[in-house]
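The values are calculated or read from the model by the stated rules, or taken from the named source; none is laboratory data. Given the structure is predicted, the values throughout are model-derived calculations rather than measurements. With ideal geometry, Cβ positions are generated from the backbone for all residues, glycine too; neighbour counts draw on all protein chains shown. Side chains are part of the model used for accessible areas, which takes the heavy atoms of the whole protein and leaves out ligands, DNA and RNA. Shrake-Rupley method; radii C 1.70, N 1.55, O 1.52, S 1.80 Å.
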Amino acid sequence: MGNILFMKPWNAWKVRLDKFTDHIWEIGGDIEEVLVTKPATLQQVEEIEKKLGVKLPLSFRETLLQFSSKIQISWSLMEDVELIVECPQEYRKFNCDFGWDLKDLIRINRFKNIFIKEYHMNTDDPISKVWHNKLIFCDVGKGDFLAFDLTEGPDCPVVYLSRNNIQGHGYLLGKNFIDFMDRWTAIGCLGPDFSQINRFISSSTKQLDPNGTYAKKWINWIIGD
């Protein structure tokens, strides 16, 4: 019991990730990449923080230093490929291209800053305001991002940013990075684009819900327990 109580959260993430990708492979899905690199050094983290001009959120920093400086998870159920088991049509669109990379934080946040200067300088506009005081850690694709809301303290929440300012813009996904990853791995490591994860969020303030009706249905199908 003691070992369970003191298990680091990323150990549970890795167990879930391995279990989930094993099941994707077993049913005939495509596993393109499962990359988990070694942790960053304190010097590497501090160098990035200096260039960014901001301290990384506490639980993200801890994850980088103790778990991995870069992960990349890519899989799909491929609509045009026959699976070993019968698959509900709604799941055939599910895929994942998710990760973070300490070394890439400078580039993606520079892009965000340019985007704000061009389109969202007016903080009186509620849509534009969402883009401010954010630190991006994951490029979702098509101009969307996962980011930290730096206005909420040193271990700030994870939110969704939508370039088109429509689906999911400003939605809360986790109260901090570890909470977000706990929730993300519990719902089966889906790609983070809002067209997929919206099924697992009941409102803009409710976070990813691994105990919701849809999540239980999906997990029961893919994992079976």
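Details
- Spans of helices (runs of 4 or more DSSP H) in the stretch 111-214 with at least 3 residues touching a Phe, Trp or Tyr at 6+ places or on another chain (Cβ under 7 Å): 177-186
- Complete set of residues in the stretch 42-82 that are at positive phi and among the aliphatic types (A, V, I, L, M): Met78
- Restricting the stretch 20-51 to residues that are under 18 Å from the mean Cα position of the chain (by Cα) and open to solvent by 70 Å² or more (accessible area, probe 1.4 Å), the residue that is farthest from Ile71 (Cα to Cα) is Glu32.
- With respect to the conditions (1) open to solvent by 30 Å² or more (accessible area, probe 1.4 Å); (2) at pLDDT 95 or above; (3) assigned to a helix (DSSP H, G or I), Thr63 lacks only one, and its number is (1).
- Any hit, the stretch 77-93, residues being open to solvent by less than 70 Å² (accessible area, probe 1.4 Å) and assigned to a strand (DSSP E or B): no
- Reported count of residues in the stretch 154-185, each being of a type in the set (Lys, Arg) and modelled with pLDDT under 95, is 1.
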